[in-house]
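K.L.:
Dumping the structure here so I can ask a few things about it.
The values are calculated or read from the model by the stated rules, or taken from the named source; none is laboratory data. Source: prediction; values computed, not measured. Glycine also receives a Cβ, built like all others from the backbone with ideal geometry; neighbour counts cover every protein chain displayed. These area figures cover heavy atoms from the full protein model, side chains too; ligands, DNA and RNA do not enter into them. Shrake-Rupley method; radii C 1.70, N 1.55, O 1.52, S 1.80 Å.
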Amino acid sequence: MSVSKGMTISSITRANCLVVVCSAETPSSEWIDREVGIFIELGRADRIYPLLISGDPEHSFPPSLKLCP
């Protein structure tokens, strides 16, 4: 794992909420999907706030966010 990814994971685990900026390119980003997945695994799914800047949720949200209750 690179230092920057390690720092990002550390930041995610300390965060109270997660804002996910979503567009048509977002679903193809494995890293964004992993960040959302980590937040869900931490039991903070209710504190994920998607910000849709283009497209529609079906085609702009990362896969893990679509599974969020």
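K.L.:
If you check T13 against the conditions, is it of a type in the set (S, T, N, Q), modelled with pLDDT under 95 and surrounded by 14 or more Cβ atoms within 10 Å (Cβ to Cβ)? Before the answer, list the steps.
P.N.:
Details: of a type in the set (S, T, N, Q): yes; modelled with pLDDT under 95: yes; surrounded by 14 or more Cβ atoms within 10 Å (Cβ to Cβ): no.
So T13 does not fit the description; no.
K.L.:
Continuing with the same structure: I need the full set of residues from the range 25-44 which are open to solvent by 80 Å² or more (accessible area, probe 1.4 Å) and over 18 Å from R14 (Cβ atoms), in order please.
P.N.:
Step one: filter the range 25-44 for residues open to solvent by 80 Å² or more (accessible area, probe 1.4 Å), giving 25, 28, 30, 34, 41.
Within the range 25-44, E25, S28, E30 qualify.
K.L.:
I need every pair where a residue in the range 15-27 that is assigned to a loop (DSSP other than H, G, I, E, B) has its Cβ under 9 Å from the Cβ of a residue that is open to solvent by less than 60 Å² (accessible area, probe 1.4 Å) and polar (S, T, N, Q), sequence separation at least 6 or different chains.
P.N.:
Sorted first by the residue in the range 15-27, then by its partner, the pairs are S23/S54; S23/S60; A24/S54; A24/S60; E25/S54; E25/S60.
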